[in-house]
1. Quick check: is even one residue across region 77-99 outside any helix (DSSP H, G or I) and surrounded by 19 or more Cβ atoms within 10 Å (Cβ to Cβ)?
2. Name the one entry in GLY206, GLY210, GLY270 that is under 30 Å from ASP173 (Cα atoms), surrounded by fewer than 16 Cβ atoms within 10 Å (Cβ to Cβ) and more than 25 Å from the chain's Cα centre (by Cα).
3. Need pairs with beta-carbon distance below 7 Å; first residue of a type in the set (Asp, Glu) and within region 448-465, second buried (at least 21 other Cβ atoms within 10 Å of the Cβ) and not in a helix (DSSP H, G or I); sequence gap 6+ or separate chains.
4. Go through region 62-92 and give me each residue that's among the hydrophobic types (A, V, I, L, M, F, W, C), under 18 Å from PHE384 (Cα atoms) and either over 22 Å from the mean Cα position of the chain (by Cα) or not assigned by TED's automatic domain parsing to the domain that holds ILE51 (or both).
5. Within region 298-327, work out how many residues are touching a Phe, Trp or Tyr at 6+ places or on another chain (Cβ under 7 Å) and either in contact (Cβ under 8 Å) with a residue 12 or more places away in the chain or not assigned by TED's automatic domain parsing to the domain that holds VAL359 (or both).
6. If you check LEU297 against the conditions, is it surrounded by 18 or more Cβ atoms within 10 Å (Cβ to Cβ), in contact with a strand residue (DSSP E or B) (Cβ under 9 Å, 6 or more places away or on another chain) and under 18 Å from ARG218 (Cβ atoms)?
7. Looking at region 96-119, can you tell me whether even one residue there is at pLDDT 95 or above and more than 30 Å from ALA25 (Cβ to Cβ)?
8. Identify the single condition in (1) touching a residue at least 24 places away in the same chain (Cβ under 8 Å); (2) surrounded by fewer than 16 Cβ atoms within 10 Å (Cβ to Cβ); (3) not basic (Lys, Arg) that HIS34 does not satisfy, given that it satisfies every other one.
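The values are calculated or read from the model by the stated rules, or taken from the named source; none is laboratory data. Predicted, not measured: the structure shown is a model, and the values here were computed from it. Cβ placement follows ideal geometry from the backbone for every residue including glycine, while neighbour counts extend to all protein chains displayed.
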Amino acid sequence: MPRPFIGRDFLLATRAARRLYHGYAETLPIYDYHCHLDAKDIADNRQFTSITEAWLGGDHYKWRAMRANGVAERLVTGDGTDIEKFDAWARTVPATVGNPLYHWTHLELARCFGVREQLSPRTATSVYGACAAKLREGTFRVRGLLGRMRVQVICTTDDPTDSLEHHDRLRQDISFPVTVVPGFRPDPALAIGNPKTFNKWLNRLGAAAGLEVRDWSRLLVALRRRIEAFHERGCRLSDHGIEEPYAADYTEGEVRRIFAAARKGVAPSGEDALKYRSALLVELGRMYAERKWAWQLHLGALRNVNSRAMERLGPNSGYDMIGDFPMARGLAALLDRLDADNALPKTVLYSLNPADNAVLAALTGCFQDGAIPGKIQHGSAWWFNDQKPGMEEHLRTLASLGLLPRFIGMLTDSRSFLSYPRHEYFRRILCNLLGGWIEAGELPRDWDLVGGVVRDVCWNNAEAYFGIPRKAAVLTES
């Protein structure tokens, strides 16, 4: 008998897969250790005015699909009305068959709003109205949506210059049980290639840290102070979005000279910029290790390749792509430089290019030190890879070259509060993979063993790995 679309056993092809998902994964809470949600929206318990605002605002996945489907920009990021934009998305959805957006769209409608109609031009009006009615209810504000998805931990992505005032509000709000902590994202500190923008950011950093960032030494002091401020708010991880590993040789004198020149408005040469970035990554790595943080290295994105769109719309608007940067030698050198001084922090490595999967999985084994299970992680299938084949390839590679049971699992990496069904999507794919191995006789029918792997990957490992102080514990202690 044909299965219903997005039915109870969606993506679960075998009896073992179904037992693993429904028995071990389905009801687990969500630990979202990397996302781009706005802490202010959570602190304010934002109420969205429409499904368009909640669903299409800031979602460059959908924007790319709409443009590819011939939708004019005014109905993507422009001044079109909410209904016009939603109708444009409804026209696009049937063209996303085979794209994870088709699955995500219908999972989000079903799980967040209880809407099981397939979205199309024919159903657009009824789906829009059903979601609008739900969004008018108080339980469909941001916090209600998080509760509906069983989210327990959220790590946002925050600039070192951020005041963290909204995180402070959340920590003090005893009525809200979800742990929300900042994530340290110091990418602007590496952006020395544009001295004008760089210096403006350094001035903001100095104001946040309480000192004037006049030289290299003061830069490190300022960053350390901000790391301490983030740590006090529960932060236990950083994140870097870099094209390729920075691992050039440098001297202290060279770095001081390069920074001083940039502070005077002189752009560095490509070689000097690489020396500066290499030095700063090492220094930040040392600071993270001191605090027992993890750092995440998101590698391989070639960003803003459409210059006309960049000028019109700015970054993060859907014009990034997979890059083919060299990874192995530079990344090994960066990790080795820190490991040689016993200063390598817990490390999560992501690459946008699936061709690098085996490279990263093999590299993780070179720097495990026996002190922390899974200290060096091959991070979750990211961005262009977070679809069924991409997740399966990542999991198979990790299992073949590393230890799948030590994997810290899925994250949303999203700007949308409706994106949490992606964790369900991942969990079903994981259980289907393991269940298939059981049915093929490649794993024993040992439910304690394999079900334990499912629970660890979906929740336990991240909880243990990051060590983020849970809000309930903090409130009890205070």
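1. Within region 77-99 (the criterion being outside any helix (DSSP H, G or I) and surrounded by 19 or more Cβ atoms within 10 Å (Cβ to Cβ)), the answer is yes, since at least one residue qualifies.
2. GLY210
3. Every condition considered, the pairs that remain are GLU463/TYR31.
4. Correct list: MET66, ALA68.
5. Count: 9.
6. Spelling it out, it is not the case that LEU297 is surrounded by 18 or more Cβ atoms within 10 Å (Cβ to Cβ), in contact with a strand residue (DSSP E or B) (Cβ under 9 Å, 6 or more places away or on another chain) and under 18 Å from ARG218 (Cβ atoms).
7. The answer is no; no qualifying residue exists.
8. Of everything listed in (1) touching a residue at least 24 places away in the same chain (Cβ under 8 Å); (2) surrounded by fewer than 16 Cβ atoms within 10 Å (Cβ to Cβ); (3) not basic (Lys, Arg), HIS34 misses just condition (2).
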